[in-house]
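Peer 1: Please find one structure pasted underneath; my questions will follow.
The values are calculated or read from the model by the stated rules, or taken from the named source; none is laboratory data. Worth saying up front: this structure is predicted, and the values here are computed from it rather than measured. Just so you know, the surface numbers come from the protein's heavy atoms only, side chains and all, with ligands and any DNA or RNA stripped out. Shrake-Rupley method; radii C 1.70, N 1.55, O 1.52, S 1.80 Å.
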Amino acid sequence: SGRANQTVIGEAIGLVVDGVGSGDITYVQAKLSLKTGVEKSISQTDEAGAALHKSTQRAVTVVKGKLEDNPKVIKKLHTHLINIQVSDSFTPTDGPSAGITVAVAVYSELTRQLVKPYLAMTGAIALTGRVRAVGGIKEKVIAAANAGVKEVILPESNRKDYDEDVPKSAKEKLEQVHFVEDIDQVLQIVGLITPKSSPTI
């Protein structure tokens, strides 16, 4: 299982459960590349393909909605493809739970901002931007704690799983656990948007 490293622009750390049921961290990377013709707007270069695709499309739709007032980003989206890559620890069953991680990676790449380091996340995303519950909370949090992750973002609807299932030893290794209900909260925690009260220019 990987160690948490500093992330680059367009990259976010997700939490996954591998094929044998143990947790791991995975890097999700969003990269823009110039369109050369009539390709689809999202491409994926790995086996996680189909399962991740639906989740990715949803995440990209939500992010586009968040950035529709940003002419620079909209222009970029007309001329570029969004490529999503995930590291090897990703299994197809993790597709839905990568929703918020993909959204954060895409938002980071489109706005050219770094995501806060040593922070990992898991959560499914609805088209409305709501964050939905996922499985494997215990395994994922233990993996995060062991990989040197300092903060974790989990769906509010998984709070009970965290409270009841995650061993104290793992909880103690983390500096902070955030429970979220929508993507705006996620984007704030990872440092990509400022709270509503101060609109960014």
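Peer 1: Could you work out the relative contact order of the range 67-189? I mean the mean sequence separation of Cα pairs under 8 Å and 6+ apart, divided by the number of residues, in percent. Don't jump to the answer; show the numbers that get you there.
Peer 2: Values: 155 pairs, mean separation 27.6, N = 123.
Worked out over the range 67-189, it gives 22 percent.
Peer 1: Right, next: Starting from the Cα coordinates of the range 69-152, work out the convex hull volume and express it per residue in Å³.
Peer 2: Details: hull volume 10.1 nm³, N = 84.
So the per-residue Cα hull volume is 121 Å³.
Peer 1: Would you mind telling me which residue in 166, 60, 186 has the biggest mean-square fluctuation in a Gaussian network model of the chain, where springs connect alpha carbons within a distance under 10 angstrom?
Peer 2: 166
Peer 1: Take the Cα coordinates of the range 129-201, assign each an equal point scatterer, and use the Debye formula without solvent to give log10 I(q)/I(0) at q = 0.23, 0.24 Å⁻¹.
Peer 2: Calculated log10 I(q)/I(0) at the listed q: -1.02, -1.08.
Peer 1: Could I get the Rg over Rh figure for the chain? Both from C-alpha atoms, Rh via Kirkwood, rounded to two places.
Peer 2: For the chain, the value is 0.96.
Peer 1: What does the extension gain come out to for residue 184 and residue 159, with contour length at 0.36 nm per residue minus their alpha carbon separation?
Peer 2: 7.2 nm
Peer 1: Sticking with this one: Working with all protein chains in place, sort 72, 160, 66, 171 by solvent-accessible area computed with a 1.4 Å probe, largest first.
Peer 2: Ranked list, largest accessible area first: 72, 160, 66, 171.
Peer 1: Still on this structure: With springs connecting C-alpha atoms under 10 Å apart, model the chain as a Gaussian network and identify which of 87, 97, 55 has the largest mean-square fluctuation.
Peer 2: 87
Peer 1: Let me ask something else about it. Over the chain, with the other protein chains present, what is the accessible area per residue in square angstrom, probe 1.4 angstrom? Intermediate results must be reported in sequence, preceding the final value.
Peer 2: Details: 9770 Å² over 201 residues.
Using a 1.4 Å probe on heavy atoms only, each residue of the chain averages 49 Å².
Peer 1: Another question, then. Counting only the heavy atoms of the protein chains, how much of residue 78 is accessible to a 1.4 Å probe, in Å² to the nearest 10?
Peer 2: So the heavy atoms of residue 78 present about 130 Å² to solvent.
Peer 1: Assign one of three labels to the range 115-163, namely rounded, prolate or oblate, based on the Cα gyration tensor with a ≥ b ≥ c the square roots of its eigenvalues; rounded applies when a/c is under 1.5, prolate when it is not and a/b is larger than b/c, and oblate otherwise. It would help to have the intermediate numbers written out before the result.
Peer 2: Numbers: a/c = 2.51, a/b = 1.36, b/c = 1.85.
Oblate shape, in that a/c is at least 1.5 and b/c is the bigger or equal ratio.
Peer 1: Given a 1.4 Å probe and heavy atoms of the protein chains only, how would you sort 164, 156, largest accessible area at the top? Don't skip to the end; give the middle numbers.
Peer 2: On the way: 164 120, 156 55 Å².
My answer, sorted largest first, is 164, 156.
Peer 1: Report the residue, chosen from 167, 96, 71, that carries the largest GNM mean-square fluctuation when the chain is represented by alpha-carbon nodes joined by springs under 10 Å.
Peer 2: 71
Peer 1: If you roll a 1.4 angstrom probe over the protein chains with everything in place, what fraction of the accessible area of the chain belongs to carbon and sulfur, to the nearest %?
Peer 2: Numbers: 5060 of 9770 Å².
Here it works out to 52 percent.
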